[in-house]
Amino acid sequence: MADAQTQHPACRWDWHSGKLMRQTLTSLHGPNLSIAGFLKQPAQWKNSVLGVFCFSAEAVDKQVQADIGVPCMHVAMQRLDSRDATCEVWQGRGQLTQGRRGDIYYRHDDDVLFGVIALPEALFEADAANTPLRQATESAYRQIFALLDTLRYPYLFRCWNYIADINKHSFGLERYRQFNLGRQDAFLAHGRDIVGNVPAACALGSAHGPLTIAFLAGRVAPLGIENPRQTSAYQYPQQYGPRSPTFSRASLVRLEQEEVLFISGTASVVGHLTLHPADVVAQARETVTNIRAVLGAANRLASQPGFDLASLQYRVYVRHPVDLAQVRAELAHCVGDALQAVYLQADVCRQDLLLEIEATAAHPLASVSVQRN
């Protein structure tokens, strides 16, 4: 059973006027703040927040987690372009409802649900077929699907997966491949598609900590988008593991007032092969080329085509901190002065990938019919 839930008012804090304003047009992806900056915001503004991501090299104190007061995913990742830990804010509209079910903390408005789950692998014992990570992943996604079925937010828009030691081998198999086994186990167990219209996602290696997953879901089916330059991840050949990854290259979501584009973790892969394995600048350039291709595919489906590199908010994962300056310079060259990016140190799902980039954008929605379950 879900815990007792609490209601929150339909307001948004206006940064320029310093006043609490009624909401009209919203964007899910809110500001990036320091943890201290988030904690200083007024309670009225916090009540409009669906959830936050906290990225910091050090563990976040449990009291700080409690003070944040909304579903919070903490990931042990160093921010490379700032000394401050980062709080990335996702915002709702209308009345927000908060609760807990099993290991998931969540908050939702009428259209979108944000949830967070963290499962230590120590809770699971290895057997001949199932590693602790595989079991933790299956358990996490089974809980996610059960929650979405219960609350009637059946469609996963976007998942973020963070796995300690993602490239290491244990029990005879790379940990990322163990994760892919567990994820697909849960999708199949709940009758979910594992090809075609699957959610946007990323999977990155954190410095330490439990398997941690955040997700956005809703009541309208997203449009899965693939990259014509790449083999769909769910169709990768078996050389990449016994089960293919279960994600689309992007998802386009038509909400009541806006259209949101979620671009999955994107890297220097063409077809299914890594390009430029030892050249971080060339990998950055190839990654942007892939993002451009995804934008082209998205604009063919969008109600108002116009997604471009300058309209995106980027999260950039860099394997080696020493590469930061080169990566920033190349992205600035490709995107221009409008570049909005946060840079984090992370291991990428393939050993020969030196960076991965994900992105989000939102546009006002043209007059289209949105059907809900």
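Laboratory data are not the source of any read-out in this text; all were calculated from the coordinates shown. Owing to the predicted nature of the structure, the values given are computational and were not obtained by experimental measurement. Note: ideal-geometry Cβ built from the backbone for every residue, glycine included; neighbour counts use all protein chains shown.
Each residue of the stretch 35-187 gets 126 Å³ once the volume of the Cα convex hull is shared out per residue.
At full extension, ALA325 and THR150 could sit 58.4 nm farther apart than now, given 0.36 nm per residue minus the alpha carbon distance. Taking Lys and Arg as +1 and Asp and Glu as -1, the other residues whose beta-carbon sits under 12 Å from that of LYS40 total 0. For the stretch 50-67, putting each phi into the Karplus relation 6.51 cos²θ - 1.76 cosθ + 1.60 with θ = phi - 60° gives couplings of 6, x, 9, 9, 10, 10, 8, 5, 9, 5, 7, 4, 4, 5, 5, 4, 5, 5 Hz, in residue order, rounded to whole numbers and with x for Gly and Pro. Top mean-square fluctuation among ILE213, ILE68, ILE357, Gaussian network model of the chain, C-alpha springs under 10 Å? For the chain, modelled as a Gaussian network with Cα springs under 10 Å, the answer is ILE68. Helical content of the chain, expressed as a calculated mean residue ellipticity at 222 nm, amounts to -7000 deg cm²/dmol (DSSP H runs of 4 or more residues, -39,500 (n - 2.57) each, divided by residue number, nearest 500). Stretched out straight at 0.36 nm per residue, the stretch from GLN257 to ASP127 would grow longer than its current Cα-Cα span by 41.9 nm. In summary, the helical segments of the chain meeting the span-like criteria, namely a full DSSP H run, a Cα extent along the axis of 20 angstrom or more and a mean Kyte-Doolittle hydropathy of at least -1.0, are 132-151, 175-189, 280-301.
Give the separation of the Cα centroids, the stretch 237-262 to the stretch 304-373, in Å. For the stretch 237-262 versus the stretch 304-373, the Cα centre distance is 15 Å.
Evaluating kT/(6 pi eta Rh) at 25 °C and 0.890 mPa s, with the Kirkwood radius of the stretch 257-354 over Cα pairs in the Stokes-Einstein relation, gives 173 µm² s⁻¹. For the stretch 204-211, putting each phi into the Karplus relation 6.51 cos²θ - 1.76 cosθ + 1.60 with θ = phi - 60° gives couplings of 10, x, 8, 5, 6, x, x, 4 Hz, in residue order, rounded to whole numbers and with x for Gly and Pro.
A simple rule links phi to the HN-Hα coupling: the Karplus curve 6.51 cos²θ - 1.76 cosθ + 1.60 with θ = phi - 60°, which for the stretch 305-316 gives x, x, 5, 9, 4, 6, 8, 8, 9, 9, 10, 10 Hz, with x for Gly and Pro. Near ALA207, the amide H atoms lying under 5 Å from its own belong to ALA76; only residues 5 or more places off or on other chains count, and H is placed 1.01 Å from N. What the Cα convex hull of the stretch 216-303 gives, in volume per residue, is 108 Å³. Quick check: Cα centre of the stretch 48-64 to Cα centre of the stretch 82-99, how many Å? Cα centres, the stretch 48-64 to the stretch 82-99: 10 Å. The alpha carbons of the stretch 147-270 occupy a box of 47, 35, 28 Å along the principal axes, longest dimension given first. Assuming charge only on the beta carbon of Lys and Arg (+1) and of Asp and Glu (-1), the dipole of the stretch 242-298 about its Cα centre is about 200 debye to the nearest 20.
Here the stretch 6-364 is treated with +1 on each Lys and Arg Cβ and -1 on each Asp and Glu Cβ, and its dipole about the Cα centre works out to around 520 debye. In the elastic network of the chain, a GNM with C-alpha springs shorter than 10 Å, the most mobile of SER232, SER139, SER170 is SER170. The base-10 log of I(q)/I(0) for the chain, evaluated at q = 0.08, 0.10, 0.13, 0.14 Å⁻¹, reads -0.37, -0.59, -1.07, -1.28 [Debye formula, identical scatterers on Cα atoms, solvent excluded].
The alpha carbon centroids of the stretch 31-47 and the stretch 102-116 are separated by 19 Å. Between the listed residues TYR106, ALA346, ILE213, the Cα displaced farthest toward the positive end of the dipole of the chain, a dipole computed from Cβ unit charges relative to the Cα centre, is found at TYR106. Pairs of Lys residues in the stretch 6-364 are counted when their Cα atoms are under 23 angstrom apart and they lie 8 or more places apart or on different chains; the count is 4.
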